[in-house]
Amino acid sequence: MRIPEEFIALLREKVDIVDVVSEYVRLKRSGRSYVGICPFHSEKTPSFHVTPDKGFYYCFGCGAGGTAITFLMEMEQLTFYQATNQLAEKYHLTMPAAIDDSQPGDGGLRKNLLTIHELAAKYYNHILMNLDAGMQGLSYFLNRGLTKKTMAQFQLGYAPNEERLLTNFLLKRGFSADDLMMSGVAHVGATGELRDRYRHRVMFPIWDLQGRVIGFGARTLGDEQPKYLNTSETELFHKGRILYGIAKARQKIRQTGQIILLEGYMDVISFHQRGITNAVAGLGTALTPEQAGLIKRVGEEALLLYDGDVAGQKAAMRSLQVLKEAGIDVRVIELPNGKDPDEWIRENGAEAWQELVDKGKRALAYQLSQLTHEHPEHMGRGRIGYIRDAILVIAKEESSIEREAALEYLSKTYNMPISALREDLSKQLAAQQRKQAADKTGKSWNTLSRVPAIKDNEPPLPVDSKIVISEKRLLTYMLLDVEVTKQVQQQLKNEFSVPIHSALQAYLYQFYMDHDNSDPELFLNFLDDPNLLGFATGLLQAASDEGMDTRHSQQEIHDYIQCLIGGEIEKSMQEVVGKLKMATERGEVEEMRQLGNQLLTLRTKWSEINRHVVRLGIFQE
């Protein structure tokens, strides 16, 4: 059952698209719009625009576009119903009673999984804070320097060493065995019986950006392996896409522009307890491009603080590279004497933190510092080898200012003429450019494919052809004005020539069968194809940028339509020419005469139309 349009209209009145998008993307005002880094493809220069008075977003880089509802659908991988329901909850609206919450694909399962995780987190936290069964977990956290206030804030918990404690608790509340297994909190044991996944472990709930529990990290208090156990991949939980603590850190990140990236859950909690609340961590695996993209969207600078041992330094180098490839400004904060962040902050407190940050190294400086470990004799006989490798590292840095600063450092530290260093760097940069020109296989990741399919037997038209321009302008006016749609439908016999144009044309015809007035935002919600959604939003974005509205001259619409009619005549002329050639080869005199007359009539019509439409400035050579 579809959601009533009356409710969609009510939701649109309540929803602030800037507020919705800002939960995922760091936006800055730019005129009437807001701009930010696109969450749907990798980029370094913001090309993602949100236009609040029109109710849509559009990315000039990848073509993604749509409304608050479709944005949530893409970001959270939700159905239309699920996204609408989530926005309704956010803005305190009640979904229409006529819609059954158990309809297939409507989010009933997802809602169950979220509820299971929320109940499990509360249950484990209750055991930790209130029951004798939680004393081992409580002692562990107290010994790690956490207060009970912090334990409550992060909803920390303890799972006793019992096989069916949580399982029985949830089954009694009406959840099925399948629900528990799909959520990851229970599994089938060796005996074939459903049992708790977590036993004798301290529990760390993991939240999504909205602060909803979607999984758990669990540390054993015994000798069980693995020592750390995360929730398996589920419909809710994808460990490579989320950061621990991000929901609690977002406000401070927005205020400061900085995000502190740590290694462990306890590191994050210890920092937050001491008032440093822009700290987050990965989920026990190497930093992923998706996590880097999340960091890019919410912050401007990443402060990388990993364990001070060799393993931590190697992890920092790997993460630094991922962050740099995502276009994130990075500083590496080094801890003394091989300490870990949790240990250091407990010993030194928040007062010493800013001093440590001020000593942090820019990404390139840290890379050059770490390179010395591969060249133990870098200050002596291994100097040339180190400098040669350092030039290779510097050449990968995009900032010319950073490169020049690094060359000056090498020149001063290793007593090397800077002119020689610049010459070697220039050669390396030239070699890189030649390689990039020859090898164009490396492409930025995209979560959406925005290229419309082209029919095999129809070569694509030039993007600046009169036909393409006319179709796009007409489609824009059709989005803005139902009367233009009626006019096009009455005067054009054939569908538009470009596949994505004809598809949007068909959707508009269908939409206006049920709607007497134009409503671009409602129409965007009507589209179920991401290619069409992005294309239609792009037309509306261009119209907004040009200041176009429903005011237009009938002559302009007439000229665009005449141009398309002229295109149809051209196709007919080509068909007649082909038939005429075949008739000539056969010597069919009467057929030749008839086809010749047809061709003459078509050419006359085409000439009249062509003379008419050249008055349009956009068609002038």
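The values are calculated or read from the model by the stated rules, or taken from the named source; none is laboratory data. Quantities reported herein were computed from a predicted structural model and do not represent experimental measurements. A quick note on method: Cβ atoms are made from the backbone with ideal geometry, for glycine too, and the neighbour counts reach across all protein chains shown. Accessible surface is based on the protein model in full, side chains and every heavy atom, while ligands, DNA and RNA are left aside. Shrake-Rupley method; radii C 1.70, N 1.55, O 1.52, S 1.80 Å.
Quick check on segment 495-519: of everything there that is assigned to a loop (DSSP other than H, G, I, E, B) and open to solvent by 50 Å² or more (accessible area, probe 1.4 Å), which residue is farthest from G534 (Cα to Cα)? Can you show your working first?
Taking segment 495-519 and keeping what is assigned to a loop (DSSP other than H, G, I, E, B), we get 495-498, 515-519.
Filter once more, so that each one left must be open to solvent by 50 Å² or more (accessible area, probe 1.4 Å): 495, 516-517.
Details: E495: 20, D516: 24, N517: 22 Å.
Among those that are assigned to a loop (DSSP other than H, G, I, E, B) and open to solvent by 50 Å² or more (accessible area, probe 1.4 Å), it is D516.
Just one of (1) open to solvent by 60 Å² or more (accessible area, probe 1.4 Å); (2) in a helix (DSSP H, G or I) fails for L356. It is (1).
Condition check for L303 on (1) under 23 Å from Y244 (Cα atoms); (2) part of a helix (DSSP H, G or I); (3) modelled with pLDDT of 95 or more: one failure, at (2).
Please go through segment 42-98 and give me each residue that is in a loop (DSSP other than H, G, I, E, B) and among the aliphatic types (A, V, I, L, M), ordered by number.
First, pick out the residues of segment 42-98 that are in a loop (DSSP other than H, G, I, E, B): 42-47, 52-55, 60-64, 67, 77-79, 91-98.
A64, L78, L93, M95, A97, A98 - these are the residues of segment 42-98 that are in a loop (DSSP other than H, G, I, E, B) and among the aliphatic types (A, V, I, L, M).
Of everything in segment 116-129 that is open to solvent by 30 Å² or more (accessible area, probe 1.4 Å) and farther than 17 Å from N161 by Cα, the residue that is nearest to the chain's Cα centre (by Cα) is E118.
Residues checked against (1) in a helix (DSSP H, G or I); (2) at pLDDT 90 or above; (3) more than 26 Å from R212 (Cα to Cα):
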| position | (1), (2), (3) |
| --- | --- |
| K239 | no, yes, no |
| I242 | no, yes, no |
| K252 | yes, yes, no |
| Q255 | yes, no, no |
| S270 | yes, yes, no |
| I276 | no, yes, no |
| G293 | yes, no, no |
| A316 | yes, yes, yes |
| S319 | yes, yes, yes |
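Of all the numbered requirements in (1) under 27 Å from Q321 (Cβ atoms); (2) touching a residue at least 40 places away in the same chain (Cβ under 8 Å); (3) open to solvent by 10 Å² or more (accessible area, probe 1.4 Å); (4) in a helix (DSSP H, G or I), D179 misses one, and that requirement is (1). Contact annotation: residue pairs with Cβ atoms under 9 Å, 6 or more positions apart or on different chains, pairing a residue in segment 379-404 that is among the β-branched types (V, I, T) with a partner that is surrounded by fewer than 13 Cβ atoms within 10 Å (Cβ to Cβ) and part of a helix (DSSP H, G or I), are I391/K427.
Count of segment 36-73 residues, restricted to those that are out of contact with any Leu (no Cβ under 7 Å at 6 or more places or on another chain) and not hydroxyl-bearing (S, T, Y), is 18.
Taken over segment 34-75, the criterion of being more than 14 Å from the chain's Cα centre (by Cα), of a type in the set (D, E, K, R) and surrounded by fewer than 20 Cβ atoms within 10 Å (Cβ to Cβ) is satisfied by D53 alone.
Looking only at residues in segment 27-53 that are of a type in the set (K, R) and modelled with pLDDT of 90 or more, the one that is farthest from Q77 (Cα to Cα) is R29. Flag set for A64, criterion: aliphatic (A, V, I, L, M) and touching a Lys or Arg at 6+ places or on another chain (Cβ under 8 Å).
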